[in-house]
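K.L.:
This is the structure I want to talk about, given as structure tokens.
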Amino acid sequence: MNQFQYVRPAQVPGATKAITNGANTQFLAGGTNLIDLMKMGVVAPEKLVDINNLPLKKIEGNAGGISIGALASNTEVAEHPLIKANYPLLALAINAGASPQLRNMATVGGNLMQRTRCPYFFDTAMPCNKRMPGSGCGALEGYNRMHALFGASDKCIAVNPSDMNVALTALDATVHVSGVKGKRAIKISDFHRLPGQHPELDNTLQKGELITSVDLPASPFNKNVHYLKVRDRTSYAFALVSAAVALNIENNTIQGARLAMGGVAHKPWRLTETEAFLKGKPVSLDVFKQAAQIAMQGAKAYEHNKFKLTLAPNTLLQALKTASGLKA
Amino acid sequence: MSGKKPCIPAESEDLLHGNRRDFLKKTSFLTAMALTPGTVVKAAEEQWDEKIAGVFEKVSLHIDVNGVKHTLSVEPRVTLLDLLREQLKLTGTKKGCDRGQCGACTVHVNGVRVNSCLSLAVTNEGKKITTIEGLANGNELHPMQEAFIEHDGFQCGYCTSGQIMSAVACINEGHAGSEAEIREYMSGNICRCGAYPNIVNAIQAVKQGGQS
């Protein structure tokens, strides 16, 4: 690992200032992704700003919703009584990711910032526009079994690897950030980017901006929810495809639906058209099958991930059935 | 499993390796300067010398390992795993993948299990670390250590320290309610010998015995 400067500020302004002063500086929280990338030589920051002493660990209920401090660990969020009671989808998604050890270390802010697991991004001998803009995309014509179905570009077909992000997207989270120019709130749907011509940019954060909290609005989706993750082994693997489903069902009628898929795009893939289709429909296998087909509109597969064209709608269908309690 | 060992202080480690390390530092510094002569001028103009020195600086670290308090001086890039093994000579914690994928390096930080390979030592300032060496009570093995022997929870033994540290945490966290739950919450510890059924048996035995 390259040598680097190390600073440990105690307050948010000190942390954001430390970033903007440095050429190649990064925040360090749980380190589960960043330290790995530094060992692999994928990133080589000249300076690390250790933010673990910042007062950003609280999880607290607010007017109708909840505010999750950016430094709350994944385990703390998944085990929190308010999250388990009001946002069970988030707990399910977090517990589907990584291992207990990693969830104890990884933070909510860090999980939002998690880099792709595309093997071409990790292998510094390979071309990758995300790691080295202009070098080309190794996955486009290479081994692309894990890659995107939606919203990819000719520059990058990588996917966002997070499970937590998929649930946060379905639950309409807001990401609060603080920078030297002040504070702002970013809707989760605007936080992560599609690759376009600039796959090196994973998200819409400006230089020096620090995630301080993730807020969730009051949610009626505390009962009929499911997070289904399909992967190469039963546990501790990244998703081939995942589906986050939250339904508000009254008298067997779907009053509202929130749906997102993981493992299929450069950002968590919200299914707004499918949500609109489901609203007002009865809970039935036929309705869910139609929904799963609508969700796949615009999907484009590559040489090795064609199986995802079948796996993705099946995953969503199964998650809809489980969330609604439909036995068929 | 051996009991607590006396730890070699950081200074003696530096005495052993100081010359080589100093040489590497100086040569990498000089190489950097030789490659980019313009930076020398610029560094002088913008007073970068302090920042460059910052890169080579060691950071003080106060850390409690298995009940022994240490005041150490470490480079920021040293992981908790390397600190334990190389500087404190506590080699019970194993380096497997060194990437957070295998769990062999699992230790407890303030009672919580983590992958020590992905934790920079300096981020553990003021924390209490428990390694496999700190689990036994003198010559009396921890119940999980006894159970791993009793149930043959290993073959080659390389993953065992991590498995045991993880297993103790698994019960403490309340995630050992069933075989399925144990398997899910032990999935961060890989055993290439495939001792999984016996590991699950050992954890269930400790759980049923009410010890952890």
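K.L.:
Taking residue A:281 as the anchor, which lysines have their alpha carbon closer than 26 Å to its alpha carbon, excluding any fewer than eight residues away along the same chain?
P.N.:
Output for residue A:281: A:223, A:229, A:289, A:321, A:327.
K.L.:
Would you list A:38, A:132, A:146 from the most to the least accessible area, probe 1.4 Å?
P.N.:
Working: A:38 10, A:132 110, A:146 60 Å².
Final ranking, largest accessible area leading: A:132, A:146, A:38.
K.L.:
Share of Cα-Cα pairs in the range B:143-208 beyond 15 Å, in percent? Walk me through the numbers on the way to the answer.
P.N.:
Numbers: 833 of 2145 pairs.
Roughly 39 percent, once rounded to a whole number.
K.L.:
Have a look at the range A:34-49 and report residues whose accessible surface goes down by 10 Å² or more when the remaining protein chains are included, against the chain on its own, probe 1.4 Å, ligands and DNA/RNA excluded.
P.N.:
Correct list: A:35, A:36, A:39, A:40.
K.L.:
If I take all pairs of Cα atoms in the range A:204-328, what percentage of them are more than 19 Å from each other? Please list the in-between numbers first.
P.N.:
Details: 3932 of 7750 pairs.
That tail contains 51 percent of the Cα-Cα pairs.
K.L.:
Using the Cα gyration tensor of the range A:208-272, with a ≥ b ≥ c the square roots of its eigenvalues, what is the shape: rounded (a/c below 1.5), prolate (a/b larger than b/c) or oblate (neither)?
P.N.:
Taking the square roots of the gyration eigenvalues as a ≥ b ≥ c, the range A:208-272 is oblate.
K.L.:
With unit charges on the beta carbons (Lys and Arg positive, Asp and Glu negative) and the dipole taken about the Cα centre of the protein assembly as shown, which residue among B:117, A:119, A:13 sits farthest to the positive side?
P.N.:
So the residue we want is A:119.
K.L.:
Could you work out Rg/(2.2 N^0.38 Å) for the range B:94-212, with Rg from alpha carbons only? Intermediate values should be presented prior to the final figure.
P.N.:
Details: Rg = 13.5 Å, N = 119, 2.2 N^0.38 = 13.5 Å.
Here the Cα radius of gyration is 0.99 times the empirical estimate.
K.L.:
On to the next question. Along the Cα-to-C-beta direction of residue A:180, a point sits 7 Å from the Cα; which residues of the range A:195-219 have their amide N less than 11 Å from that point?
P.N.:
Taking a point 7 Å out along Cα→Cβ of residue A:180, the residues of the range A:195-219 whose backbone N falls under 11 Å are A:207-209.
K.L.:
If I take the Cα coordinates of the range A:258-328 and project them onto the principal axes, what are the three extents in Å, biggest first?
P.N.:
Cα extents, longest axis first: 37, 22, 16 Å.
K.L.:
Rounded to whole Å, give me the distance from the Cα center of the range A:128-177 to that of the range B:94-118.
P.N.:
With the range A:128-177 and the range B:94-118 each reduced to a Cα centre, they are spaced 28 Å.
K.L.:
Can you give me the pair-distance distribution of the protein assembly as shown, C-alpha pairs, 10 Å bins, whole percents?
P.N.:
It works out to 4, 17, 26, 27, 18, 7, 2, 0, in whole percents.
K.L.:
Ordering A:124, B:79 by accessible area with a probe of 1.4 Å, largest first, what comes out?
P.N.:
Result of the area sort, largest leading: A:124, B:79.
K.L.:
Determine the calculated [θ] at 222 nm for chain A from helices alone, applying -39500 (n - 2.57) to every DSSP H run no shorter than 4 residues and normalising by the residue count; nearest 500 deg cm²/dmol.
P.N.:
Numbers: 13 runs with 99 residues, N = 328.
Result for chain A, helices only: -8000 deg cm²/dmol.
K.L.:
Right, next: All other residues with a Cβ under 15 Å from the Cβ of residue A:76 taken together, and with Lys, Arg as +1 and Asp, Glu as -1, what is their net charge?
P.N.:
Numbers: positive: A:57, A:58, A:84, A:103, B:113; negative: A:60, A:79, B:173.
The answer is +2.
K.L.:
For the range A:224-324, what does the accessible surface come to per residue with a 1.4 Å probe? Please give it in Å².
P.N.:
On a per-residue basis, 41 Å².
K.L.:
In Å², what does the accessible area per residue of the range B:67-212 work out to with a 1.4 Å probe?
P.N.:
Dividing the accessible area of the range B:67-212 by its residue count gives 40 Å².
K.L.:
Moving to a separate point now. Rolling a 1.4 angstrom probe over the protein chains, ignoring ligands and nucleic acids, what is the accessible area of residue A:8 in square angstrom, nearest 10?
P.N.:
My reading of the accessible area for residue A:8 is about 80 Å².
K.L.:
Moving on. If you take the Cα Rg of the range A:5-53 and divide it by 2.2 N^0.38 Å, with N the number of residues, what do you get?
P.N.:
Compactness ratio reported: 1.09.
K.L.:
Let me ask something else. Before we go on, tell me the buried accessible area for the A/B pair, both chains summed, 1.4 Å probe, in Å² to the nearest 100.
P.N.:
Summed over both sides, the interface buries about 2800 Å².
K.L.:
In the Gaussian network model of chain A, springs joining C-alpha atoms below 10 Å, which of A:318, A:26, A:101 carries the largest mean-square fluctuation?
P.N.:
Residue with maximal mean-square fluctuation among A:318, A:26, A:101: A:101.
K.L.:
Quick one: among A:252, A:165, A:222, which has the greatest mean-square fluctuation in a GNM of chain A with alpha-carbon springs under 10 angstrom?
P.N.:
Highest fluctuation among the options: A:252.
K.L.:
Something else now. Could you grab the relative contact order for chain A? Cα pairs under 8 Å, six or more apart, rounded to a whole percent.
P.N.:
Numbers: 748 pairs, mean separation 55.3, N = 328.
That works out to 17 percent.
K.L.:
Of the accessible area of chain A, with the probe set at 1.4 angstrom, what percent is carbon plus sulfur?
P.N.:
Looking at chain A in its full context, I get 53 percent from C and S.
K.L.:
With heavy atoms of protein chains only and a 1.4 Å probe, what residues of the range B:80-122 have at least 40 Å² less accessible area in the full set of chains than alone?
P.N.:
B:99, B:113, B:115, B:118, B:120
K.L.:
Can you give the accessible area of residue A:154, probe radius 1.4 Å, in Å² rounded to 10?
P.N.:
100
K.L.:
So for the protein assembly as shown, taking the charge dipole from beta-carbon charges (+1 Lys/Arg, -1 Asp/Glu), which of B:169, B:187, A:287 sits furthest toward the positive end?
P.N.:
Checked the options; the winner is A:287.
K.L.:
Oh, and also: Let me cross-check residue A:73: its accessible surface, 1.4 Å probe, with only protein heavy atoms counted, in Å² to the nearest 10?
P.N.:
Here the residue's solvent-accessible area equals roughly 10 Å².
The values are calculated or read from the model by the stated rules, or taken from the named source; none is laboratory data. Bear in mind that the values here come from a model prediction, so they are computed numbers and not experimental data. Methodologically, a virtual Cβ is constructed for each residue, glycine included, from the backbone with ideal geometry; neighbour enumeration extends over all protein chains shown. Ligands, DNA and RNA are stripped out before the accessible areas are found, and what is left, the full protein with its side chains, is counted by its heavy atoms. Shrake-Rupley method; radii C 1.70, N 1.55, O 1.52, S 1.80 Å.
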